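One structure is given below, encoded as structure tokens.
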Amino acid sequence: MSARAKTVEALCELLTTGDEVDRCYAARALGVLGDPAAADDLQQRLRDEDVDVCVDAADALGRIGAQSAIDPLVESLKNDSSGEICAAAVRALGNLGGEKVAQALRKVAHERPEAMEWDDDWDTWWDVQLEAVKALGRFADEQAIDILVDVLTDESQQDIENEILRALASIGGRGTDVLIARLQDTGSLPLHRRRAARALGRASENNGIPPVLGRALQDEAPEVRAEAATALAAQGAAQYARGLLLMRRDPAEEVRKAAIKAVISLSEQGIADAGLSDELTAMLDDPSSGVRASVYNILGHTVKSNPLAPEVIAKVAADLENPEAETASAACTLLGKNGDTVAVDVLLPVLNDTQAHPMVRREAALMIGQLGLFNQPVADSLSRAAADPAQAVRLAALSALARLETQGVIEGELQPFKSPMEAVIAAIEGKFSPEKPDTEEAAPPNQPPAEAGSDTSGVEPEAGSTPPEDGASSPEQQSAPENDPDENTDDIKLPDSPARIVREGDVRSAGSTLDAIAMDNVEAALGLDAAGEPAEHDEETQEFLAVADANKETMSRIRSERKIDPAFDVRRLGIRVLGDCDRTEAVHTLIGYLQDTDPRLRREATESIGQVALRNPDNPALMDAVGILITQLAIGDQDQRRASARTLGRLGNRAALVPLVETLKDPVPNVRIQALESLSRLVTQGADPEAADHMVVRNVPPLSVARSIAESLKDEEMAVRVAAARELPVVLGSLEEQSFTAKVVGEIIDSVFGWTGEEARLIGRSLRGFDASLTTDKLLVRLKEAGDSTKRSVVIEMIEETFSQAAEDSHRAA
């Protein structure tokens, strides 16, 4: 019997013998497995005493696609009083199809079953009706059109107009005619016309639809015109691109935005007609700066196939000095994408203009790098920009230099930097000295702010960490106000004891409730008990205080980066961009900075070496970094240790195996997780020491590494346990160690039960990497041994995840 068959059999048994929790979990898992053999048992659960079990059974039957379930599901739809069960039955029937299903759905979409109950003041039939409408649309059931129209025009019904219109669009034919009539009914509310236009944009057939939408561009309601423009793009109506461009002059802003967005969409789809470029260039004389910016963005999608003519380039260049930063930036981008190096001469003055908006200058620098020409004016301008007070400009200039080093053409004898690489290295060496704005307080060069409560230098949030939300600036882009109340709060220390002994009578009694609260708060803040002695905290409070201290330390590290000296930042960004270059000189420079006195530069160099190794781990210049990184792995701060662990994994040198195994004992969970990932990478992708001429004193066998990783399954941190479970099948996959592998699978499964069980699904996904028969046998044993439904639910979740990927692949193939 196959692993899947064994699992289905066990779950079907539990579906019959288990309690309501077991039955729900088993039904859902059977739906994921999608085996028709479970259909009969699931049909029996449609009459279960527990509503949730009925719902899960119906959903599972729909996922399985069991045609034998049509009659029982239709029967439930007719006779069951629970709207929740009936809605699940409709969803399931919607996955099964057929004329008998369509008849049942048409009826329930139009007529309320008499037995169906209300849920307080909510008619549960409305949920059932909505599901039926969606299903009829998927069926493209032409016989449902009249019913859908009746529901649409019945004012006593719920407002599901959007769903009905979408269904009519999917059906097509007369359904499309209904939509067109609603769009052209000028006496109806604009809301109804707008919804009709949106549905027509989604229609599967477009015969006759674009002309109707084109006429709707002249509708009196701006929301209808805007929706018509969007729908034309959705229909791929390239013939209306010119008309959409004219809509950019519409008095309503929402229409103008929708029209330009529609043209951009047509351009991105590559279906706009070739003559569109001529129409667009004619709009470069438009007096509206916003119009021209939109045109530049559209042309950016067409210049590869239709390069700009010299006179067009001149018109675009004229907007480089536009006071509207968005327009000037769009002009820069277009000139760069066009690829004509003649644009370099007009972009350089923009970059050199320190009064221009930083966003515009940044774009100019990037496009200069993209154009690929490195001559004396370019070298001078980018070198100056690399020391600009604005960080965005600095980074763009250094990035442009790095790109020019690998893709650019050097023109003439240059001084003082003969190549872009020399300019970047000069920036890293601190030879560029930015002018500080009057409002910027700079720290001494190379002196990072100290962390509160530690003699370790402040560090930047790790590269590759989660970026800020849209619209938020990163810590290194922020500048705290002069009187920021949060600033330096880490230096505030509460006294260990009162300054003097307070004698009896010195403090008056509380005269009110507020006084009493205030006095209690003082005692709490000082950590004193009722007798004035330091309070002893219970275990829960100690845990809370430990979390608070950890958060305080994290915030201290983040705050340390709010104010960065521009001179130092130039060096840091220079190291960062060297990670994009594989040249030996660049790698040697990065290795040199692995031992810099500033921890931020060390970490930046570590990350950049990792980027080089990710592209080309066989680069011989990288070999000299291994020993230094192993040292940093042992003595660096937590950010440096994590960066070192990641880069050592990418370098592919097995000399790092022993140090990485030791790092599994690191006190910081994220460092341990990174060590696990790097160990897995080294075992499976590391270079052969002899072939690569690596000096490996102790080449740890893969099985020993696997044993060390397996020990992390006992880690107190869930994320570490999950990481270990994820890497073990990778490491063991290349080994013929069946006995140990079987032992590890059991340990992975058991690791869930030692904690809260919340990682069950994550662990289940990791089990996919092992042999299905092995994992199934282990899981089914645990399922049988589980003493209650809570533990069984954990096992079922793992089973579900173990098979879910294969089930999804099977459904797609079907």
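The values are calculated or read from the model by the stated rules, or taken from the named source; none is laboratory data. Since the structure is predicted, the reported quantities are computational estimates derived from the model, not experimental observations. Reconstructed Cβ throughout: ideal geometry from the backbone, glycine too, with neighbour counts over all protein chains shown. Keep in mind that these areas ignore ligands, DNA and RNA; they rest on the heavy atoms of the full protein, side chains included. Shrake-Rupley method; radii C 1.70, N 1.55, O 1.52, S 1.80 Å.
Using only alpha carbons, region 288-372 has a radius of gyration to Kirkwood radius ratio (Rg to Rh) of 0.92. Sorted largest first, the spans of the alpha carbon positions of region 324-404 along the three principal axes are 27, 25, 17 Å. With N set to the number of residues, divide the alpha-carbon radius of gyration of region 220-295 by 2.2 N^0.38 Å and report two decimals. For region 220-295, the normalised Cα radius of gyration comes out at 1.01.
Taking the protein heavy atoms of region 234-364 in the context of the full set of protein chains, the accessible area attributed to carbon and sulfur is 50 percent at 1.4 Å. Taking max minus min of the alpha-carbon positions on each principal axis, region 594-660 gives extents of 28, 23, 16 Å, largest first. For region 1-75, the fraction of C-alpha pairs farther apart than 17 angstrom is 32 percent.
Percent of Cα pairs in region 586-739 per distance bin of 10 Å, from zero to the largest separation: 12, 42, 34, 10, 1. Candidates Leu676, Gly686, Leu648 compared by Cα position along the dipole of region 608-724: farthest toward the positive end lies Leu676, with charges placed on Cβ.
Expressed as a whole percent, the accessible area of region 587-698 that falls on carbon and sulfur atoms is 49 (1.4 Å probe). Relative to the globular-protein estimate of 2.2 N^0.38 Å, the Cα radius of gyration of region 678-814 stands at 1.16.
Grouping the Cα pair distances of region 144-215 into 10 Å bins from zero gives a pair-distance distribution of 22, 58, 19, 1 percent in increasing distance order. Percent of C-alpha pairs per 5 Å bin in region 561-630, short distances first: 3, 18, 32, 23, 13, 7, 3, 0.
The portion of the accessible surface of region 375-422 made up by carbon and sulfur, rounded to a whole percent, is 54 (1.4 Å probe; DNA, RNA and ligands excluded). Note on Phe432: accessible area is roughly 20 Å² with a 1.4 Å probe, heavy atoms of protein only. For a label point 7 Å from the Cα of Ala546 along Cα→C-beta, name the residues of region 702-726 whose backbone N is under 18 Å from it. Inside the label zone: 714-721. Candidate cross-link partners of Lys337 among the lysines, defined by an alpha-carbon separation under 18 Å and a same-chain spacing of 8 or more, comprise Lys304, Lys315.
Listed by chain and number, the lysines placed with their C-alpha closer than 29 angstrom to that of Lys791 are Lys6, Lys714, Lys743, Lys778; residues fewer than eight positions away on the same chain are left out. What fraction of the Cα pairs in region 147-271, stated in percent, has a spacing above 24 angstrom? For region 147-271, the share of Cα pairs beyond 24 Å comes to 24 percent. The convex hull of the Cα atoms of region 50-170, projected and averaged over all directions, covers 7.0 nm². Charged neighbours of Phe740, selected by a Cβ distance under 11 Å, balance to -1 (K, R count +1; D, E count -1).
Annotation note: trypsin sites (Lys or Arg not before Pro) in region 251-322 located in DSSP loop regions with a Cβ neighbour count of at most 12 within 10 Å are Lys304.
Among 122-133, 721-732, sorting by the average number of other beta carbon atoms lying within 10 angstrom of each residue, highest first, gives 721-732, 122-133.
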